[in-house]
Amino acid sequence: MTDVALYDDLAAEWWRPRGAFAMLHWLAAARARLIPPAARPGAVLVDLGCGGGVLAPHLAGKGYLHVGVDLSRSGPALAKRHGVHAVRGDVLAVPLRPGCADVVVAGEILEHVPDLAKAVEQACGLLRPGGLLVLDTLADTALSRFLAITVAERLPGVPRGVHEADLLVNRAALVRECARRGVTVRLRGIRPSMLDLAGWALGRRPAVRMVPVPTTAVLFQGTGMKET
């Protein structure tokens, strides 16, 4: 499992617009676009691996009680400052009641856990019947390992050791494990907009949009509803 202490060491980076976790903000914005407004009063969204709470601004006005779970020491404290009801906990043993969530989000967390099946069991188990699972992660492919680890972790400002090659996610296994738990997941590939990325690098854009691509071989999103 990725060393959680790394995130505590980099806690000051969570909310720096051009910090080490800038791309996590871009991904959070893309993730939030997959989440519809709450369908009922008191709807609960559980944010697994919430980190410093970067999803929170993108959920504003959607009507959810935003509950976060993160294993780091610093993440939940930071997330609380941004309106997240955050608790410290492991996504492999979530300290919440099964069936409590209308939406479960697993953003950029599945590629950090040593037991994909257990993580999926926990995520799907939190959903109410008809609840929505939203995820994004990195594929277990040679191309993904090259781009996300060999290349990305050598760029200026990007921390080393964030990803471990043997934890990247097997897409077929992910879909299969979700189906076993009553959630049929559809995947789609995404990447940063190259035009936006160039503008951001030059200081001309505050953020970068994530755009769809025809392959899920590197970075991908997934959505699925739990059977009623």
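The values are calculated or read from the model by the stated rules, or taken from the named source; none is laboratory data. Quantities reported herein were computed from a predicted structural model and do not represent experimental measurements. For neighbour counting, all protein chains shown are included, and Cβ atoms are generated from backbone atoms with ideal geometry for every residue, glycine included. Side chains are part of the model used for accessible areas, which takes the heavy atoms of the whole protein and leaves out ligands, DNA and RNA. Shrake-Rupley method; radii C 1.70, N 1.55, O 1.52, S 1.80 Å.
The accessible-area ordering, largest first, of the residues Glu164, Glu227, Glu177, Glu111 stands as Glu227, Glu164, Glu177, Glu111, per a 1.4 angstrom probe. Straight-distance candidates among the aspartates and glutamates for linking to Lys118, with alpha-carbon spacing under 15 Å and chain neighbours fewer than 8 residues away dropped: Asp90, Glu177. A simple rule links phi to the HN-Hα coupling: the Karplus curve 6.51 cos²θ - 1.76 cosθ + 1.60 with θ = phi - 60°, which for region 5-16 gives 4, 4, 6, 5, 5, 9, 4, 5, 7, 3, 10, 7 Hz, with x for Gly and Pro. The amide H of Arg205, built 1.01 Å from its N in the peptide plane, has Trp200 as neighbours under 5 Å, considering only residues 5 or more places off or on other chains.
A 1.4 Å probe, protein heavy atoms only, puts the accessible area of Tyr7 near 40 Å². In order along region 186-203, phi translates into HN-Hα couplings of 10, 10, 8, x, 9, 7, x, 5, 5, 5, 5, 4, 5, x, 5, 4, 8, x Hz, rounded to whole numbers, per the Karplus curve 6.51 cos²θ - 1.76 cosθ + 1.60 with θ = phi - 60° and x for Gly and Pro.
Dividing the summed -39500 (n - 2.57) terms of all DSSP H runs of n ≥ 4 by the residue count of the chain sets its mean residue ellipticity at 222 nm at -7000 deg cm²/dmol. Ligands, DNA and RNA are left out, and with a 1.4 angstrom probe the accessible area of the chain is 47 Å² per residue. A straight chain from Arg154 to Leu6 at 0.36 nm per residue would run longer than the Cα-Cα distance by 51.6 nm.
Once you sort the root eigenvalues of the Cα gyration tensor of region 1-124 as a ≥ b ≥ c, which label holds: rounded (a/c under 1.5), prolate (a/b larger than b/c) or oblate (the other case)? Oblate is the answer for region 1-124, as a/c is 1.5 or above yet b/c matches or exceeds a/b.
Proximity of backbone amide H atoms, modeled 1.01 Å from N, is registered between Ala43 and Leu65 at under 5 Å, excluding neighbours fewer than 5 places apart on the same chain. Shown are Trp200, Trp15, Trp26, whose ranking by accessible area with a 1.4 Å probe and every protein chain present, most to least, is Trp15, Trp200, Trp26. Per-residue Karplus couplings for region 81-94, computed as 6.51 cos²θ - 1.76 cosθ + 1.60 with θ equal to phi - 60°, are listed in order as 5, 10, x, 8, 7, 9, 10, 7, x, 8, 5, 8, 8, 5 Hz, Gly and Pro entered as x. The distance linking region 201-228 with region 107-123 is 18 Å (Cα centroid to Cα centroid, whole angstrom).
Can you bin region 107-228 into rounded, prolate or oblate? Criterion: square roots of the alpha carbon gyration tensor eigenvalues sorted a ≥ b ≥ c, rounded for a/c under 1.5, prolate for a/b above b/c, oblate for the rest. Since a/c reaches 1.5 and a/b is larger than b/c, the shape of region 107-228 is classed as prolate. Modelled label positions at Arg186 and Val87, each set 7 Å beyond Cα in the direction of Cβ, lie 3.3 nm from each other. Taking amide H as placed 1.01 Å from N in the peptide plane, Gly107 has its amide H under 5 Å from the amide H of Leu48, Asp136, each at least 5 places away in sequence or on another chain. Of the heavy-atom accessible surface of the chain (probe 1.4 angstrom), what whole percent is carbon and sulfur? Looking at the chain in its full context, I get 58 percent from C and S.
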